[in-house]
Amino acid sequence: MEKIAFDFKNRTAVVTGGAQGFGLDIVKRFLKSGAKVIIWDIDPEMIEKTTKDLNNSNLISNIVDVSDYKEVEKHTKNITKNSNIDILINNAGITGPTATLWEYDINMWKNVVDLNIMGTFNCCKAIVPNMIKNNYGRIVNVASVAGKDGNANASAYSVGKAGAIGLTKSLGKELANKNIAVNAVTPAGANTRILDQMTKEHVERMLSKVPRGRFLEVQEFTSLICWLSSEENTFSTAAVFDISGGRSTY
């Protein structure tokens, strides 16, 4: 299937968790569409591999723990010394272990929630002022159907993604009188490395809930992200765009 062309020339995008999975495909599509892209990822080996493989002068990669606001703020200031940040894709996230709530390790539960909620909050808090100053911005928060439906044995992940949805609706309304759009996407399971963090039984249970009967293709997800990140999206904000193959009921 031929991909729709998007124009991101003269735009700078920050993609968190951009060295692999969904994030990497977004990075590739943004670069192909003319954007300058900055990857924020916590995995140094994946960052090194991705940077080497893509070999693109419009790509910059930084090791950033988005759950640490001081780190996020430092890297934001470094970028905005010489450039605006036009697009923010909050894609970084972890599923955490598969366990019932009462058996969940407390520190691990906190880590999962911190990355999925606080990571999104930190990046928005640091970057939004630059978008306001520039009177332009497109923010897409990668949530999950788990944030809408709740997945059994994945309470931390479900809570984290529900929080990202709530943040999207609130921030989108706060910025609605500006040329800044804030939206969330709620994908069903896709064939990425994140499935490696889950048990085989959990993955099969997820797939059984999808009426389409298959996992999401990464390219399908990226196309939605690109439209929400483009100048064409002039009206939709504070919204949740479902891409779950019919799983979600709202």
From the list 213, 166, 246, exactly one residue is within 17 Å of the chain's Cα centre (by Cα), free of Cβ contacts under 8 Å to residues at least 60 places away in the same chain and surrounded by fewer than 16 Cβ atoms within 10 Å (Cβ to Cβ). Which is it? 166
Output the qualifying pairs, or none if there are none: Cβ atoms under 7 angstrom, residues six or more apart or on different chains, first residue in the stretch 121-144 and under 20 Å from residue 164 (Cα atoms) and without any contact (Cβ under 8 Å) to a residue 60 or more places away in the chain, second residue part of a loop (DSSP other than H, G, I, E, B) and of a type in the set (Val, Ile, Thr). 122/66; 131/85
So which residues in the stretch 195-206 are within 21 Å of the chain's Cα centre (by Cα) and closer than 17 Å to residue 248 by Cα? 203, 206
Pick from the stretch 115-171, criterion outside any helix (DSSP H, G or I) and β-branched (Val, Ile, Thr), ranking: farthest from residue 183 (Cα to Cα): 142
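Since every read-out is calculated from the coordinates, none of them should be taken as a lab result. Model, not experiment: these values are computed from the prediction. Virtual Cβ from ideal backbone geometry, glycine too; neighbours counted across all protein chains shown.
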